[in-house]
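One structure is given here, and the rest of the page talks about it.
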Amino acid sequence: MAEAERRHTISVLVENEPGVLARVIGLFAGRGYNIESLTVAEVDPGRHLSRINIVTTGTEFVIEQIKALLAKLVPVHTVQDLTVLGPHVERELALVKVTGDRERLIEALRIADFMHARLVDSMPGCLVFEATGTPDELDALIELVRPVEVSRAGVVAIGRGATILEAKAAA
């Protein structure tokens, strides 16, 4: 029986320098692994550290291989598989554009209100909503309002409790 694939959210703390993201992406591309979501931002300007959040799917063997390869990349400080570590918070941002006649737009407003999306732009025949939530919650909103265009920012994630993503101590 084949090993089941599972979705994992991996956080990587890296030096904020040119080429780091290209190396991380190259690691995935070179082995044929898919990245479902990727976000990156500087989180500690004083120490020039950035956090990369990667959502990928694979067997336990593949995920362990990905984590090991990431940990070997220079200048990676820390690799955490939030899925394995336990409870964590995931959120994603989406802009959702809906067009149509008055009835369609009124229905979209009702659905957006129920789903806690916020109207951020309106023009005759067109509404743009901003929504944050889990990827599943955004998928549900998108399915219900049947937008003409969607822009999603990707998953940001952080562990719950006392566990934190820290840089390795300098050698």
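Couple of notes before you dig in:
- Relative contact order of the chain, taken over Cα pairs closer than 8 Å and 6 or more residues apart, is 27 percent.
- Accessible surface, per residue, of the chain when the full set of protein chains is kept, probe 1.4 Å, Å²: 59
- Over the range 51-131 - Rg/Rh using Cα atoms and the Kirkwood inverse-distance radius: 1.24
- Carbon and sulfur %, accessible surface of the chain computed with the full protein complex present, 1.4 Å: 56
- Nearest-10 value in Å² for the accessible area of Phe129, using the 1.4 Å probe: 0
- Among [x] 46; [y] 41; [z] 25, the entry that matches percent of Cα pairs over 26 Å apart as calculated here: [y]
- Taking a ≥ b ≥ c as the square roots of the eigenvalues of the alpha-carbon gyration tensor, the range 86-156 is classed prolate because a/c is 1.5 or more and a/b outweighs b/c.
- For Asp113, the solvent-accessible surface with a 1.4 Å probe is about 110 Å², rounded to the nearest 10.
- Of the whole protein surface, Ile158 contributes about 100 Å² of accessible area at a 1.4 Å probe radius.
The values are calculated or read from the model by the stated rules, or taken from the named source; none is laboratory data. Note that this is a predicted model, so its numbers are computed, not measured. Areas reflect the complete protein model, heavy atoms only, side chains present, ligands, DNA and RNA absent. Shrake-Rupley method; radii C 1.70, N 1.55, O 1.52, S 1.80 Å.
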